[in-house]
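The values are calculated or read from the model by the stated rules, or taken from the named source; none is laboratory data. Quick caveat: nothing in here was measured; it's all calculated off a predicted structure. Quick reminder, even Gly has a Cβ in these numbers, built from the backbone with ideal geometry, and neighbours come from all protein chains shown.
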Amino acid sequence: MSTRTLLLSVALVVFCSFVHAQPQPVPLTQDQFPTQREALPPTAGVRVPPEPSVEQLLDELERLQAQKAALEKKEQDLKAVLRQKLQKQTERLNKLGVAPIPTVPERVGLIIIEGNTKTPDKRILDKLGMRPGEVLRYPALEEARARLIKAGFRDATVEILPNKSDSQFKDIRVRVDESKPRPTPAPVPVPAPGDSRGY
């Protein structure tokens, strides 16, 4: 046996005994793994804010609710002003005959009759020619006024009022003047062609 082979054999035996003498690592179970807190040391100089107390949370909730109430009130006020301006604009456009056709037709709401002390409401309603719930036609307002004047009232107005509960409905206010009608002048006779009586 050569010296070289002998040295190799001795080195192999020494290496194997050294490896065998080293302690073997024991596998860790799930509970033995370090938690994230243990694994990561706290960063120096970083201050973690304390959790808010119940009182602080309640104060924050009250502040948010007050802001919400103020915003809702502002929204309602803005809507009311906008509705009023749009109502005036719509009425003006309707009077001029250039109003856009609404997607949902406006309807007659309440009919309020004022100024009649002798004439029953039913007679005025019959002359008015419109009933609550029917589709509102703006030209019908002037037609109704003309019918009331023709029926013997000295004066009459038929106007629209906004309905407070539903914007689709428009209330109608009718005011009549029951004093004696203005005297109508007698018709002036017109001479016929060729008549020489000399009117």
Any chance region 43-59 includes a residue that's farther than 30 Å from residue 179 by Cβ, among the acidic types (Asp, Glu), modelled with pLDDT of 65 or more and surrounded by fewer than 10 Cβ atoms within 10 Å (Cβ to Cβ)?
-> yes
Kindly indicate the residue of region 117-132 that is assigned to a loop (DSSP other than H, G, I, E, B) and in contact with a Phe, Trp or Tyr (Cβ under 9 Å, 6 or more places away or on another chain) and also nearest to residue 96 (Cα to Cα) among those meeting that condition.
-> 132
Residue 152 versus (1) over 35 Å from the mean Cα position of the chain (by Cα); (2) in a helix (DSSP H, G or I): which is the lone unmet condition?
-> (2)
In the set 118, 74, the lone residue that is among the basic types (Lys, Arg), under 19 Å from the mean Cα position of the chain (by Cα) and exposed (fewer than 12 other Cβ atoms within 10 Å of the Cβ) is 74
Report yes if some residue within region 78-87 is part of a helix (DSSP H, G or I), within 51 Å of the chain's Cα centre (by Cα), farther than 30 Å from residue 161 by Cα and at pLDDT 85 or above; otherwise report no.
-> no
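Conditions (1) surrounded by fewer than 12 Cβ atoms within 10 Å (Cβ to Cβ); (2) at pLDDT 90 or above; (3) acidic (Asp, Glu), marked per residue:
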| position | (1), (2), (3) |
| --- | --- |
| 137 | no, no, no |
| 163 | no, no, no |
| 171 | no, yes, yes |
| 176 | no, yes, no |
| 189 | yes, no, no |
| 196 | yes, no, no |
Within region 155-173, residues within 32 Å of the chain's Cα centre (by Cα) and over 19 Å from residue 92 (Cα atoms) come out as 164, 165, 166
Hey, can you tell me all the residues within region 133-148 that are assigned to a helix (DSSP H, G or I) and of a type in the set (Lys, Arg)?
-> 145, 147
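Find the residue count for region 88-113, including only residues that are surrounded by fewer than 11 Cβ atoms within 10 Å (Cβ to Cβ) and part of a helix (DSSP H, G or I).
The number of residues fulfilling the criteria is 1.
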